[in-house]
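For reference, the structure discussed in these notes is given below.
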Amino acid sequence: MNTQKSTVNDRVLKIQIKNSQSADQFELRLGLLRFITHLTHSISISEIQEAEIDKSPQVIRGYLADLIQLGYVQKDSVWTYSATEKAKQLFGVK
C-alpha cells in the first residue's frame, strides 16, 4: 500500500493542468460561438465537426448545451443550431 503524500509541487502541477484544460475548453466554446454567430444559416453538429471543431458529436453537443443555457445559441430544429441576437450583439454581427 502506497501512503506517500503528494508534494506541494505535485498539487501545483495538478492545478496548472486543470486550469490549462479549463482555458482550452473556454477557447473552444468561444471559437464555436464566434463561428456560429458569423453564419447566415443554421448549422448541424456534423457540419460544425467538419468545419470548426474536430471533436466527437457528444463533446460538441455539450458545448452547444452550455451556450444554449447562457442564451447565446438556440436550437432551430432537432438537428440545427444558430446564434441568438444576444450573441450577434456580442460580436457586432447584423
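Scanning the stretch 74-94 for residues that are touching a residue at least 40 places away in the same chain (Cβ under 8 Å) and among the small types (G, A, S), we see that the one that is farthest from L30 (Cα to Cα) is S82.
With respect to the conditions (1) more than 11 Å from the chain's Cα centre (by Cα); (2) under 18 Å from F91 (Cβ atoms), Y63 lacks only one, and its number is (1).
Scanning the stretch 39-55 for residues that are out of contact with any helix residue (DSSP H, G or I) (no Cβ under 8 Å at 6 or more places or on another chain) and not hydrophobic (A, V, I, L, M, F, W, C), we see that the one that is farthest from K94 (Cα to Cα) is D54. In the set S82, S77, only one residue is in contact with a helix residue (DSSP H, G or I) (Cβ under 8 Å, 6 or more places away or on another chain) and either hydroxyl-bearing (S, T, Y) or in a strand (DSSP E or B) (or both); that residue is S82.
Name the residues in the stretch 1-42 that are touching a strand residue (DSSP E or B) at 6+ places or on another chain (Cβ under 6 Å) and either at pLDDT below 95 or not in a helix (DSSP H, G or I) (or both), would you? Residue satisfying the conditions is S42 alone. Taken over the stretch 45-73, the criterion of being farther than 18 Å from Q25 by Cα and surrounded by 15 or more Cβ atoms within 10 Å (Cβ to Cβ) is satisfied by E47 alone.
For the stretch 50-67, the set of residues classified as in contact (Cβ under 8 Å) with a residue 12 or more places away in the chain, among the aliphatic types (A, V, I, L, M) and either assigned to a helix (DSSP H, G or I) or more than 14 Å from F35 (Cα to Cα) (or both) consists of A51, I60, L64, L67, listed by residue number.
The values are calculated or read from the model by the stated rules, or taken from the named source; none is laboratory data. This one's a predicted model, so the numbers in the text were calculated from it and none came from an experiment. Cβ atoms come from the backbone with ideal geometry, glycine included; neighbour counts cover every protein chain shown.
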